[in-house]
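Here the structure comes first, spelled out in structure tokens, and everything after it is commentary.
The values are calculated or read from the model by the stated rules, or taken from the named source; none is laboratory data. Note that the coordinates shown come from a computational prediction; the quantities given were computed from them, not determined experimentally. Neighbour counts are summed over all protein chains in view; Cβ atoms, including those assigned to glycine, are modelled from backbone coordinates with ideal geometry.
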Amino acid sequence: MADLMRYAGKAEGRVQGVGFRMFVQQHAIDLGVTGWVRNMEDGTVDMELQGTQDKIDALEAVIREGNYFIHVAAFSLEAIPVVTDETSFKIRY
């Protein structure tokens, strides 16, 4: 699985109290992306996303688009080392 990539991401905007973590988790699971997502005290949401680049790109597009409740004003991704043996996408608290 040399084609796996992992990114640390941060979302800013209307991303807490609107189901954003479940939104990210559901789309990640649908796309076969592993990792985690969690709310931060400053109102942002941090995440780590792992999968093939095309799946990460697809998830990034969905996150940036948001929905009626979710408005992502800024979203950044930074490449980080792959975590071997990760098999799920979790919401962290």
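In region 13-20, is there at least one residue being at pLDDT 95 or above, charged (D, E, K, R) and crowded, with 20+ Cβ neighbours inside 10 Å? Give the steps one after another, and end with the answer.
Just the residues of region 13-20 that are at pLDDT 95 or above, to begin with: 13-20.
Subset that is charged (D, E, K, R): 14.
With the extra rule that they be crowded, with 20+ Cβ neighbours inside 10 Å, the set shrinks to none.
Scanning region 13-20, I find no residue that is at pLDDT 95 or above, charged (D, E, K, R) and crowded, with 20+ Cβ neighbours inside 10 Å, so the answer is no.
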Among the residues of region 23-62, the number that are among the aromatic types (Phe, Trp, Tyr) and either at pLDDT below 95 or farther than 21 Å from Gly13 by Cα (or both) is 0
Checked pairs for region 38-62, first more than 16 Å from Phe89 (Cα to Cα), second of a type outside the set (A, V, I, L, M, F, W, C) and surrounded by fewer than 13 Cβ atoms within 10 Å (Cβ to Cβ), C-beta under 8 Å and 6 or more apart or across chains, list as Gln53/Asp3
Of the residues in region 54-72, those that are surrounded by 14 or more Cβ atoms within 10 Å (Cβ to Cβ) and aliphatic (A, V, I, L, M) come to Ile56, Ala58, Leu59, Val62, Ile63, Ile70, Val72
